[in-house]
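Reading through the structure tokens given below for one structure.
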Amino acid sequence: MELLQLNVVVLSALAMLTCSPWQAFSQKTHLSVGMTLVRNASALGALCLDGSLPAYHLHRGFGAGAKNWLLQFEGGGWCNDIKSCLERANTRRGSTRYMTKFEVFSGILSNNASLNPDFYNWNRVKLRYCDGASFAGDGKFDNGTSLLYFRGQRIWEAIVLDLLPKGLGRAHKALLSGCSAGGLASFLHCDNFTRYLPTNTTVKCLSDAGYFLDETDISLNRPMRSLYKEIVSLQGVEQNLDKNCTTHLKLPELCFFPQYALRFIQTPFFVLNSAYDVFQFHHGLVPPSADPHGHWNRCKLNPAACDANQTAILQDFRHDMIVTLNYSFTQNSRRDGMFINSCFAHCQSESQDTWFAVDSPTVHNKTIAEAVGDWYFGRKITKEIDCAYPCDTTCHNLIP
């Protein structure tokens with residue numbers, strides 16, 4: 001897994017935590033799904049950073065789930081300047097030429113009822129990420145020597161248009177999801193997704209580890225706001241942000257933050273996040289630039305090694321996350337949901353051990369899979385907020 005410094009700005013989601021899954025889950029049952037290139041994407045100008053065709057992985061649903069669809073945005077950080085985008089264009093984060101041609105589907109993408117009880121038989125799609133702006137940019141850089149395509153918005157549209165005649169256009173139920181930068185994409189495209197589908201389709205959205213906060217770091221700078229401002233400017237994102245949000249807040253980069261965008265989203269939404277998200281802890285709250293002497297190094301590697309002041313700062317971060325979520329969500333409504341645990345993690349829906357397993361993290365004795373299912377199908381009000389670290393004893397299988 002990659003986690004590069006913000007000045008390089010190529011984040012790889014810390015998915016695929018590997019610990020004990022259900023006993024029924026073994027290497028032999030891994031589901032590997034082949035890549036589909038969007039062949040007509042070039043006609044739409046929908047190209048990866050390097051000009052290659054965008055892609056997705058589709059595993060067909062069956063039985064009662066044959067007309068239901070789950071679309072999962074892949075995560076992987078952002079690029080905020082020409083240098084970082086040129087570097088990214090020569091990796092799997094900016095080109096389908098370098099991507100694996102098969103992806104393992106686990107967690108929320110699993111086709112095993114014992115591992116994914118509510119969505120196992122749906123049509124499940126993983127949208128590959130190759131634009132560096134959470135599928136939201138629309139521009140191009142060409143100085144005669146180097147060429148970069150900032151076409152995330154068109155990639156999103158091209159993939160949806162490719163899927164509509166394959167059954168998405170007749171969906172009975174649909175869930176738009178994503179992890180990390182892909183979780184941010186869920187916020188950005190949620191309402192737009194509903195416009196492609198029949199009016200009688202049940203459409204909801206989920207973000208996993210995509211609730212990036214507009215916070216000051218320990219040196220009182222705002223590294224995430226600076227980063228997002230550069231991304232929005234470089235990649236032509238502003239034109240694709242929610243118009244009500246940009247009109248209300250004036251600064252377009254703020255509408256790239258979920259805490260500001262969420263209040264304008266009309267579609268039912270579920271936020272899955274760690275209150276001590278590892279990426280935000282390491283790169284937003286305590287980026288290397290704010291800790292040049294490494295006073296936080298031991299704390300970053302092991303939360304138990306944090307001193308009283310460091311722990312207090314982490315608790316303040318958790319507090320701010322919960323306050324902003326409570327501002328956007330009505331507590332006694334089934335429309336929206338959340339699962340905010342106190343594990344030091346980043347991305348929990350695609351890893352089987354964190355999604356639904358014998359030793360998965362729980363809040364109020366409920367796993368993430370159970371919480372998401374209860375919310376989506378309206379079985380219960382689902383606003384699960386964990387107690388503050390270090391009280392949760394179910395996080396033992398996670399890696400800080």
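In Å², and per residue, what accessible area does the chain have when probed at 1.4 Å with the other protein chains present?
Result: 39 Å² of accessible area for each residue.
Could you look at the range 31-385 and say what percent of its accessible area is carbon and sulfur, using a 1.4 Å probe and all protein chains?
Answer for the range 31-385: carbon and sulfur cover 50 percent of the accessible area.
Considering only protein heavy atoms, what is the solvent-accessible area of residue 296 at a probe of 1.4 Å, reported in Å² to the nearest 10?
Counting only protein heavy atoms, the figure is 20 Å².
Using a Gaussian network model on the chain with a 10 Å cutoff between Cα atoms, which of 85, 343, 299 fluctuates the most?
In the Gaussian network model the winner is 299.
If you take the C-alpha gyration tensor of the range 160-301, multiply each eigenvalue by 5 and take the square root, what semi-axes do you get, largest first, in whole Å?
Semi-axes (√(5λ), whole Å): 32, 17, 12.
Starting from the 7 Å offset along Cα-to-Cβ, what nm value, one decimal, do you get for the label separation of residue 307 and residue 195?
Label-label distance for residue 307 and residue 195, simple model: 5.3 nm.
Would you kindly state how much longer the chain becomes between residue 364 and residue 90 on full extension, computed as 0.36 nm times their sequence separation minus their alpha carbon distance, in nm to one decimal?
Answer, rounded to one decimal: 94.2 nm.
What Kirkwood hydrodynamic radius do you get for the range 38-118 when you take the inverse of the mean 1/r over all pairs of distinct Cα atoms, in Å?
Kirkwood hydrodynamic radius for the range 38-118: 15.0 Å.
Residue 142 to residue 320: extension gain in nm, 0.36 nm per residue of separation minus the Cα-Cα distance?
Fully extending the segment from residue 142 to residue 320 adds 60.0 nm.
Which value, in Å³ per residue, describes the convex hull spanned by the Cα atoms of the range 289-331?
Value for the range 289-331: 96 Å³ per residue.
In the range 329-349, whose amide N lies under 16 Å from the spot 7 Å out along Cα-to-Cβ of residue 381? List them in ranges.
Answer for this model: 329-339.
Let me have the 222 nm mean residue ellipticity of the chain computed from DSSP H runs of 4+ only, each contributing -39500 (n - 2.57), with the sum over all residues rounded to the nearest 500.
Counting only the DSSP helices, I get -7000 deg cm²/dmol.
When the chain is modelled as a GNM with alpha-carbon springs shorter than 10 Å, which of 244, 143, 116 fluctuates the most?
Highest fluctuation of the listed residues: 143.
The values are calculated or read from the model by the stated rules, or taken from the named source; none is laboratory data. Here the structure is a predicted model, which is why all the values come from computation and not from measurement. Glycine also receives a Cβ, built like all others from the backbone with ideal geometry; neighbour counts cover every protein chain displayed. With ligands, DNA and RNA removed, areas are computed over all heavy atoms of the protein, side chains included. Shrake-Rupley method; radii C 1.70, N 1.55, O 1.52, S 1.80 Å.
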